[in-house]
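*Asks:* Structure in structure tokens, see below.
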Amino acid sequence: MSYLRINTDILECMEQLTGSEIGRLFNGLIQFYATGEEPELKGNERFVYPTAKKMVERVVENGSKI
């Protein structure tokens, strides 16, 4: 079983997103982690996604289990 670890620092970035945008952001992150494919984001979540993705990648680079 795999899991996706999200740093709580992302909360500040998500303050202006709606619930739907947050859902699409997390779905996009899960899709990227599971498949390596970039999601097609069209709402405001597309502005937060690059920061969130870097956070996930940092965890992977540091050797933490995701």
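The values are calculated or read from the model by the stated rules, or taken from the named source; none is laboratory data. Note that the coordinates shown come from a computational prediction; the quantities given were computed from them, not determined experimentally. Glycine gets a Cβ as well: all are built from the backbone with ideal geometry, and neighbour counts include every protein chain shown.
*Asks:* Of all the residues that make up region 8-17, how many are exposed (fewer than 12 other Cβ atoms within 10 Å of the Cβ) and either modelled with pLDDT of 85 or more or under 10 Å from the mean Cα position of the chain (by Cα) (or both)?
*Replies:* Here is the first cut: in region 8-17, the ones exposed (fewer than 12 other Cβ atoms within 10 Å of the Cβ) are 8-9, 11-12, 15-16.
Subsequent filtering for residues that are either modelled with pLDDT of 85 or more or under 10 Å from the mean Cα position of the chain (by Cα) (or both) retains 11-12, 15-16.
Total meeting the criteria: 4.
*Asks:* Please go through (1) part of a helix (DSSP H, G or I); (2) of a type outside the set (A, V, I, L, M, F, W, C); (3) in contact with a helix residue (DSSP H, G or I) (Cβ under 7 Å, 6 or more places away or on another chain) for Glu12 and return the number of the only condition it doesn't satisfy.
*Replies:* Among (1) part of a helix (DSSP H, G or I); (2) of a type outside the set (A, V, I, L, M, F, W, C); (3) in contact with a helix residue (DSSP H, G or I) (Cβ under 7 Å, 6 or more places away or on another chain), Glu12 violates only (3).
*Asks:* Moving on. Looking at region 27-66, which of its residues are of a type in the set (Val, Ile, Thr) and under 15 Å from Gln16 (Cβ atoms)?
*Replies:* Initially, region 27-66 is screened for residues of a type in the set (Val, Ile, Thr), giving 30, 35, 48, 51, 56, 59-60, 66.
Correct list: Val48, Thr51.
*Asks:* Provide a single number: the residues in region 23-52 that are without any contact (Cβ under 8 Å) to a residue 12 or more places away in the chain, surrounded by 14 or more Cβ atoms within 10 Å (Cβ to Cβ) and of a type in the set (Ser, Thr, Tyr).
*Replies:* Residues in region 23-52 being without any contact (Cβ under 8 Å) to a residue 12 or more places away in the chain, surrounded by 14 or more Cβ atoms within 10 Å (Cβ to Cβ) and of a type in the set (Ser, Thr, Tyr): 0 in total.
*Asks:* Is it the case, given these coordinates, that Ser2 is among the polar types (S, T, N, Q) and in a helix (DSSP H, G or I)? Lay out the reasoning, then the answer.
*Replies:* Details: among the polar types (S, T, N, Q): yes; in a helix (DSSP H, G or I): no.
Here the answer is no, as Ser2 does not meet what is asked.
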